[in-house]
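Notes follow the structure.
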Amino acid sequence: MLEVKGLRKAFGPLVAVDNISFTLEPGDIFGFIGSNGAGKTTTIRMLATLLEPDSGTAILNGRDIRVDPMSVRRQIGFMPDDFGIYDDVKVWEYLDFFATVYRVPKVERQSVIDNVLELVDLTAKRDAMATSLSRGMRQRLSLARCLVHDPSLLLLDEPASGLDPRARAELKELIAELGRMGKMIIVSSHILPELADFCNTVGIIERGKMVTHGRVEDIVRSIQQTRILHVKVIEGASEASMFLHGKEGVAATNLTGSTTLTVEFVGDGDMQADLLGVLVSEGYRVIEFREEAANLEDVFLQVTTGAVN
Amino acid sequence: MGGHRQVRHVVRDLFTENPCLPKSLSSFSRSLRIGTWPASTAIVAVIILLVYACLVALAVQSVTWFEPSIFLYGMLLISILLVAAVLYSGLAGEREKKSLDLLLVAPVTGAQIVAAKLTKAFLPLVASILALMVPAIVIGMMRIVKGQPAFIDNVNFPIALAGALGLTLSANVLVAGVAVYMSALNKTMSSALTATIGCLFALYVVIAVLVSAMAPISKDLVDTLLAYHPFVAMSSLLSQNARFAGLSVGFSSVFHIAVGAGLLWASVRALETERKKGGRASA
């Protein structure tokens, strides 16, 4: 478990991070969203013990980053926005060096390296020189390096920057898989679609302050009062639209096709279920009834002013 | 006993159980694989080796008038250049490649990182000492066999060799300290190289010239002030009439070891400060 409590860092008169607090549980993937210069990297570097906070602290599995940074370092995998790959080593040698630095027992090192290479799909490149890898592969190698000591917290600073769409998609899938493995992951980015797909919690930071944070759905609901429901029926979409108009929680309906409509809805999950029940009991043959996915971009634009430090 | 245990603990922490060492050691072995060298580097290395072999052969042939001093001066000069050349890039190179953060975020101390960097200088230092000490010993022995003193100035041969070795090792402690400290302070390898060369030039050339300029005032004062200089100390050691040979070698060695150790400690502090303040790596 990670508890971040009132982290603050100033560089002279510039307050880069101001009283940031949040909590992560195992398996949480926390998207750290903010414009360039908002304070994401400074926060991540403080959590990585690479920068001492002026005040506040973070406690990772009972270890305080300010009191016992050496223990915290053993539990952290940090991937900066630069890869930091040595130019004179093979892929396995690179991982072997960091496994040694993190004191992975010698007898386990080979199997650990094989496992992380398999996880990041670089087994075929085991004996290639690290510098011969493409940017996407280097990114995966960098992630493999973070994993050699089996950390409980991964700090990924702009991990998808500069990657092509395929490499980006592969990286997203990999991070989601690591979340399923129970790791706490903090991913910073200013590219919102990058995070929306796989983060279950997000924090939006602006000028060093956390504007909002929590579960994606909760944030979206707190900001967007109405939800958009997509409804598809086999026939009679216009009748269904008229039928739904005025029902409890329905703010408006829009016909989007001969068999599809959208409903602007104010209410919780139970009320949605009731609405679906009413539709079906009225004889409409519903083949799709879903809530539109949370739109992080809209939320971000709504809660931030665009100001930077 | 307590002190002995403490020394063992430090040695274990910095060397025998230092997890940063494998990278240094593997880069040693890799640098020795000629296959990875550019062809031009290999050709230059072969030419240097041939010239060296010819010089040694010529010296051995000429033992009646040739003496070992030149090799001992050469040992001091070449080892200093090699150690500086190997070490200036250590931390600045990590910073330039953006890999220093990866070490600073790992559970290793600044002292372990610096110690690992120092091991890179071990091989060049030993190689330069062997390459120049061995011919010096051979030539000295041959002169003795031919009934001549090992040195023209009839200096005690074993003492001169031991003194020269001591001066070389102590001078390299300071050079290592300067190179590593400059590497710790600079963001790029080129600026670290410039700073290292500048410091060594100031220490061994500029200060020596300035002090020598005081000769008209007092020659004894100049001799005393220049005693720190390893080449002056070597000169005292290898000349029969030197008044300050022992003092000069002792002072020079202590000066170099003390300043070198101080700079290495400052390098460790600089790394630890960088870890806390986010310093140069987060530029």
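How many times 2.2 N^0.38 Å is the alpha carbon radius of gyration of segment A:197-260? Write out the running numbers ahead of the final one.
Numbers: Rg = 17.2 Å, N = 64, 2.2 N^0.38 = 10.7 Å.
Relative to the 2.2 N^0.38 Å estimate, segment A:197-260 comes out at 1.61.
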Problem - Cα-based helix-to-principal-axis angle, B:157-185 vs chain B, degrees rounded to 10 - result: 30
Problem - Selected from A:Ile85, A:Ile185, A:Ile29 as most flexible by GNM, with chain A as the system and alpha-carbon contacts under 10 Å - result: A:Ile85
Problem - Paired Rg and Dmax values of chain A, which use every Cα atom, in angstrom - result: 23.2, 71
Practice task
Stick to Cα atoms and the Kirkwood definition of Rh, then tell me Rg/Rh for segment B:111-248.
Solution key: 1.04
Problem - Label-point separation, B:Leu169 to B:Tyr52 (7 Å along Cα→Cβ), nm - result: 2.1
Handout entry: Separation between Cα centres of segment A:238-309 and segment A:2-64, rounded to whole Å
Key = 37
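Per DSSP H run of at least 4 residues, take -39500 (n - 2.57); add these up for chain B, divide by its residues and hand me the 222 nm value, nearest 500 deg cm²/dmol.
Working: 14 runs with 207 residues, N = 283.
Result for chain B, helices only: -24000 deg cm²/dmol.
Could you tell me the relative contact order of segment A:133-269? Use alpha-carbon pairs under 8 Å, at least six residues apart, and round to a whole percent. Show your work: numbers first, answer last.
Numbers: 154 pairs, mean separation 21.6, N = 137.
Relative contact order here is 16 percent.
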Problem - Angle between chain A longest axis and helix A:269-281 axis [Cα atoms, degrees, rounded to 10] - result: 40
Fill in the blank from the handout: Listing A:Thr304, B:Thr16 by rising number of other beta-carbon atoms within 10 angstrom, fewest first, gives B:Thr16, A:Thr304
Handout entry: Max mean-square fluctuation residue, GNM over chain A, Cα-Cα springs under 10 Å, options A:Thr260, A:Thr201, A:Thr123
Key = A:Thr260
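For Cα pairs less than 8 Å apart in space and 6+ apart in sequence, what is the mean separation divided by the residue count of chain B, i.e. the relative contact order in percent? Working shown, then result.
Numbers: 326 pairs, mean separation 67.6, N = 283.
Reported relative contact order: 24 percent.
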Exercise for the section: Compute the FRET efficiency between A:Ser132 and B:Lys97 as 1/(1 + (r/R0)^6), taking r as their Cβ-Cβ distance and R0 = 22 Å, and round to the nearest 0.05. Expected result: 0.90
Handout entry: Shape metrics for chain B, restricted to C-alpha atoms - Rg then Dmax, Å
Key = 21.0, 66
Practice task
Rounded to the nearest 10 degrees, what's the angle between the helix B:189-201 long axis and the longest principal axis of chain B, both from Cα atoms, 0 to 90?
Solution key: 30
Exercise for the section: Sort out for me the Cα centre separation of segment B:225-277 from segment A:166-234, rounded to whole Å. Expected result: 59
Problem - Residue-span extension gain [A:Glu3 to A:Glu291] - 0.36 nm each, minus C-alpha spacing - result: 100.5 nm
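What order do you get for A:Val250, B:Val114, A:Val15 when you list them from fewest to most C-beta neighbours inside 10 Å?
Values: A:Val250 20, B:Val114 25, A:Val15 17.
The order, fewest Cβ neighbours first, is A:Val15, A:Val250, B:Val114.
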Completion exercise
Plugging the Cβ-Cβ distance of B:Ile137 and B:Val11 into 1/(1 + (r/R0)^6) at R0 = 30 Å yields, to the nearest 0.05, a FRET efficiency of 0.50
Fill in the blank from the handout: Residue separation between B:Lys146 and B:Thr273 times 0.36 nm, minus their alpha-carbon distance, gives in nm 39.7 nm
Problem - GNM top mover of A:Phe22, A:Phe97, A:Phe30 - chain A, alpha-carbon springs below 10 Å - result: A:Phe97
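Calculate the FRET efficiency for B:Lys219 and A:Met70 from the Cβ-Cβ distance with a Förster distance of 60 Å, rounded to the nearest 0.05. Provide the component values of the computation, followed by the final result.
Numbers: r = 56 Å, r/R0 = 0.93.
Efficiency computed from Cβ-Cβ geometry: 0.60.
As a footprinting exposure proxy, order B:Asp223, B:Asp101 by other Cβ within 10 Å, with the fewest listed first.
B:Asp223, B:Asp101
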Exercise for the section: Out of all DSSP beta bridges with both ends in the protein assembly as shown, state the antiparallel percent to the nearest 5. Expected result: 65
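Considering only lysines 8 or more places apart in sequence, or on different chains, count the pairs in chain A whose C-alpha atoms sit under 12 Å apart.
Numbers: A:Lys9/A:Lys40; A:Lys9/A:Lys209; A:Lys40/A:Lys209; A:Lys90/A:Lys125.
Lysine pairs meeting the criterion: 4.
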Exercise for the section: May I have the pair-distance distribution P(r) for the protein assembly as shown, computed from all Cα-Cα distances with 10 Å bins from 0 and rounded to whole percent? Expected result: 3, 13, 19, 19, 14, 11, 8, 5, 3, 2, 2, 0, 0
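Throughout, read-outs are computed from the coordinates displayed, never taken from laboratory work. Treat the numbers as computed from the prediction; the structure is a model and nothing was measured. Cβ: placed from backbone, ideal geometry, glycine included. Neighbour counts: every protein chain shown.
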